[in-house]
Structures are given as C-alpha cells and as structure tokens.
Amino acid sequence: MDFYEVNKFAGALFGAGIWAMAVGMAASFVFAPEMPAKPGFAVAVEGAGGAETAKAAAPATPIEERLKTADAARGQKDFAKCASCHTPEKGAGAKVGPNLWGVVAGPKAHMEGFKYSSGMAERGKAGEKWTFADLDKFLTDPKAFVPGTAMGFAGFKDGADRADVILYLRSLADAPVALPN
Ligand code: HEC
C-alpha cells in the first residue's frame, strides 16, 4: 500500500464516521421521546360543577365494598358540587338537573316532567333502574356512561368520594333501599 492508498482508506473510514454521526443525530431528532405537555394529573373542569381534580383512577374496588366504609355525612358535603344543578329535598323543583329525591333504585329519568336528554330518556323507557353500580359508573364519567347526557359534570374520579355521595343519595328517600351485603 503506498501513501496515496493509505490516505484513501483513511478518508473512507473518516467519511463513514461522519456519516454514522449524521445518521445518529438525525435519528435522535426524529425519535426524540415525546414529553407530555403537562406532566402529572389532568384537571377536568366542566360546567357549573366547579373544579374537580381528576385523581388517578382508583383501582376498581366494587361499589358494594366501598359502600361499607362510606360516610353519608361526607357525601352530603360533597353534594355541594352537585347542588348548583340538583335539589335533594322531597318535592323540590328541578334546577339545571332534576330533583334527586328517590333517585337511588328508582327508574332512570325518574323526575316527572323534567326534560331529559334522549339518551337518558331512552334508558328510562327501557325500564333501567339506578342501581348502586350504575350510579357509580355514571358519576365516574357521566358522558361515557350516558352518551349525549345533559349532565355537564366532569365526574368524581375518586372511588371513595363516589361511594360517600351515593350513600348520601340513598338517604334521600322515605324508605332507603337496603345496602348490598
Ligand atoms: C352542571 C349541572 C350538573 C351538575 C354539577 C351535576 N348534575 Fe346530575 N344531572 C344534571 C342534568 C342536566 C341531568 C339530566 C341528564 C340527562 O338528561 O341526560 C342530571 C342527571 C343526574 C342523575 C340522573 C337523574 C335521573 O332522574 O335519572 C343523577 C343520579 C345525578 N344527576 C346525580 C348528580 C350528582 C350526585 C352530582 C354531583 C356529584 C351531579 N349530578 C352533578 C346536571 C348536573
């Protein structure tokens, strides 16, 4: 190998090195990991429901279990988030939403004369009842459970909060339904 050839060889190696670097850099641009715009928890705010921080979805302990440790007095406090749209007293009128007396175990779209969304009205006509489990799903994410619902509430993401409020709703009746065993 004469000097000229060694030079060519070195040049080729050097060229390949630059090329590898260029490819590496380009790849790191193309494949740069995407960072979420806002790390941490999303904050869902909707309608007059006020700010409800969406906590990480609680592991799915069934509502029957959560009701055992729920507290109706805590639920009554949490009902402040509902009270802008719902009255809890027997015989009280509708606000943005229907009166909630007797809703637990009652038919869906239970208030006579209230203008429900068609999604909710159809469930009522189909004979569906507000079981504890359905209330739990509805209050987690109203729009996911009843597509097109008129209830502009982001939902209670915390399973214990939902159990508290459902236990309170149960007390809004002349004869509250039995709790699940
Ligand atoms: C921004 C107003 C608003 C807020 C806040 C709100 N709701 Fe509602 N809610 C409605 C409306 C409107 C409907 C009727 C939904 C439909 O027709 O699709 C409804 C329906 C319901 C129903 C079904 C009633 C029936 O007759 O079938 C329940 C149960 C209920 N809400 C509970 C709650 C609870 C509990 C809270 C608080 C955690 C709450 N809502 C917060 C507006 C609201």
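Determine which member of the set Leu167, Leu135, Leu67, Leu100 is in contact (Cβ under 8 Å) with a residue 24 or more places away in the chain, under 16 Å from the mean Cα position of the chain (by Cα) and within 24 Å of Pro180 (Cα to Cα). Please lay out each step first, then the result.
On the way: Leu167 fails: under 16 Å from the mean Cα position of the chain (by Cα); Leu67 fails: under 16 Å from the mean Cα position of the chain (by Cα); Leu100 fails: under 16 Å from the mean Cα position of the chain (by Cα).
Matching residue, one of Leu167, Leu135, Leu67, Leu100: Leu135.
Can Gly148 be described as surrounded by fewer than 19 Cβ atoms within 10 Å (Cβ to Cβ), part of a loop (DSSP other than H, G, I, E, B) and either touching a residue at least 24 places away in the same chain (Cβ under 8 Å) or in contact with a Phe, Trp or Tyr (Cβ under 6 Å, 6 or more places away or on another chain) (or both)?
On the way: surrounded by fewer than 19 Cβ atoms within 10 Å (Cβ to Cβ): yes; part of a loop (DSSP other than H, G, I, E, B): yes; either touching a residue at least 24 places away in the same chain (Cβ under 8 Å) or in contact with a Phe, Trp or Tyr (Cβ under 6 Å, 6 or more places away or on another chain) (or both): yes.
So Gly148 fits the description; yes.
Out of all the residues in region 98-107, which are surrounded by 20 or more Cβ atoms within 10 Å (Cβ to Cβ), within 8 Å of the ligand (Cβ to nearest atom) and farther than 22 Å from Pro62 by Cβ?
Result: Pro98, Leu100.
Would you please name the residue that is surrounded by the most Cβ atoms within 10 Å (Cβ to Cβ), looking only at residues in region 108-123 that are in contact (Cβ under 8 Å) with a residue 24 or more places away in the chain and part of a helix (DSSP H, G or I)?
Taking the candidates together, the pick is Met120.
Can you name the number of the only condition in (1) more than 11 Å from the ligand (Cβ to nearest atom); (2) closer than 21 Å to Lys81 by Cα that Gly127 fails?
Every listed condition holds for Gly127 apart from (2).
Checking Val146 against (1) within 19 Å of Phe79 (Cβ to Cβ); (2) near the ligand (Cβ under 9 Å from one of its atoms); (3) in contact with a helix residue (DSSP H, G or I) (Cβ under 7 Å, 6 or more places away or on another chain), which test does it fail?
The single condition Val146 does not satisfy is (1).
Each value in this text was obtained by applying a stated rule to the coordinates, not by laboratory testing. Source: prediction; values computed, not measured. FYI the Cβ positions are ideal-geometry reconstructions off the backbone, even for glycines, and counts take in every protein chain you see.
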